[in-house]
Amino acid sequence: MKIDTTSWLELMEFLLNNEEEHPVAPHLSATDVDQVLDIKIDDEPIDQQDLLNGLKEIISHTPKTATSKFFNQLFGGRNSEAVLGDLLAIALNNSMYTYKVAGPMVSIEHEVLQQVCQLVGYKDDSFGTIAPGGSMCNLMACIMARDAKIHNVVTEGITQKMTLYTSEDSHYSITKNAAIIGVGINQIRKVNTDSFGRLIPSHLIELINLDISMGCIPFFINLTAGTTVLGAFDPIKEVCEIANKFNIWVHVDGAYCGGVLWSKKYRHLVEGIELSDSFSVNAHKMLGTPLTCSILVTPHKKQLYNSFDTKADYLYQTDTDDFNLGKVSLQCGRRNDALKLWTIWKARGHKGMETMVNRLFELSKFAYDYVNQNSDYTVYSYQPSLSVCFNYKNINTEYLCNALYLNSHAMVGYGSYNNDTFIRMIIVNSNLQKKDIVSFFSVIEHFE
Ligand SMILES: *Cc1c(COP(=O)(O)O)cnc(C)c1O
């Protein structure tokens, strides 16, 4: 049985209507899914109508991330230009490794990478790639740093203790990556953070000096632009100056809030970013594209090739390296993730992207002011940040988040900092209205 293409539109329309009617999907417990939905695959085919009806049931019970009730994760919302780009990427189904197979899509990825390099302030020899997620970008940065520090590590493997530095509030992928690249988790140094969640440079220096005195080789410092819990920004300029003295690679993990680069008004939050050795950003977080669209750029184009270019005569048969993007990727076959960002960026221009970013900060300030001015709330986050962290009266945080979810009121998560646990409301959907934010708070206030 072949599904006719008009059914694509039918299902899309169903989805849009369904999420409007039920902005939070009815809760279905993980252990009940198989009883409620027809998930099991059988020997016999089923007819098209049964399949479509089954899919509609599944859509109805799937969490809705594009609606005004979703504050749960560092992504959310839906922008039609970016969705169009992504739908085309699926239908065209190119693979980004060669010009022969991706054609003009290579130029689209070039343009996106070049524009991001320009926003960062990297000079002529900069380049980058698009990876399946921010964790992968961090992994690639870590590999480049390792290979840049010890040139024969690629052939000989790691023979000395190499140490890496990241704040205690950084993303867990750094830990995972240290294990993956053979450096080992014990060689991670967790740098203390201040009360705002920012890495403390003097502690970093202390740790580096201690490691050097013990014969270790410091090779990588990870900084975060938008930490996962508080949305804090590490001091990039100061740390780059320190790193320069010790010849250590600095990566800026901007997965969450690297999008500030698109705004003249908020760029100062990543001051000094042009001094870094690599930078990554998830366009599927602040910039509102569908998952995933993760960009990694570096001013050291040569290092990108040194670490990731492997010979493959059966693949690279036409055009020069610059057009065969597989040469700088961890992957072989690779999805066209550039097109969705390019489509929305092209449609809105730099100005429209800046408006989007500024809007997010405006909305999060609105939410922050709301809780900060109401004595029933306790506030735990700081401005400017897209994470607004708070508790309401003395209602247990975990209980409240789960109750909102189980009763299909709203999707929001909780986080902890120091010894406090609080609701973490994330504002990354630029299509939200202030009334949506007020309505979220009023659900909490009327909750029994
Ligand atoms: C989301 C996030 C990541 C991971 O990105 P994925 O695309 O989910 O792999 C890494 N670092 C930070 C700071 C993040 O917010």
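Okay, here's what the table says:
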| item | result |
| --- | --- |
| Computed lengthening from residue 179 to residue 123, 0.36 nm per intervening residue step minus Cα-Cα distance | 17.0 nm |
| Estimated distance in nm for a label pair at residue 20 and residue 2, the labels positioned 7 Å out from Cα along Cα-to-Cβ | 3.3 nm |
| Theoretical gain in end-to-end length, residue 151 to residue 50 [0.36 nm per residue, Cα-Cα removed] | 30.5 nm |
| Helix-only mean residue ellipticity at 222 nm for the chain, each DSSP H run of n ≥ 4 adding -39500 (n - 2.57), per residue, nearest 500 | -13000 deg cm²/dmol |
| For region 49-126 versus region 160-189, the gap between their alpha-carbon centres in whole angstrom | 30 Å |
| Computed over region 286-421: relative contact order in percent, which uses C-alpha pairs under 8 Å that are six or more apart | 14 percent |
| For peptides 389-398, 138-147, sequence by mean Cβ density within 10 Å, most packed first | 138-147, 389-398 |
| The chain: relative contact order in percent, alpha carbon pairs under 8 Å with at least 6 residues between | 21 percent |
| Cut-off 12 Å, label 7 Å out along Cα→Cβ of residue 419, residues of region 169-198 by amide N | none |
| Relative contact order of region 189-242, defined on C-alpha pairs under 8 angstrom at six or more residues apart (%) | 35 percent |
| Full-extension gain in nm, residue 433 to residue 158, via 0.36 nm per residue minus C-alpha separation | 93.8 nm |
| Coil-residue trypsin sites (Lys or Arg not before Pro) of region 18-69, DSSP, other Cβ within 10 Å capped at 16 | 40 |
| Residue 410 long-range amide H proximity, modeled H, under 5 Å | 405 |
| Accessible area of the chain belonging to carbon and sulfur atoms, whole % at 1.4 Å probe | 52 percent |
| Of 56/365; 123/346; 190/301; 100/176; 265/340; 2/285, pairs whose Cα-Cα distance is over 32 Å | 56/365; 100/176; 2/285 |
| Solvent-accessible heavy-atom area per residue, rounded to whole Å², over the chain at 1.4 Å | 47 Å² |
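The values are calculated or read from the model by the stated rules, or taken from the named source; none is laboratory data. It should be emphasised that the depicted structure is a prediction, and the values quoted were computed from it without experimental measurement. Counting neighbours? That spans all protein chains shown, and the Cβs are built from the backbone with ideal geometry, glycine included. The accessibility values were calculated without ligands, DNA or RNA, using every heavy atom of the protein model including side chains. Shrake-Rupley method; radii C 1.70, N 1.55, O 1.52, S 1.80 Å.
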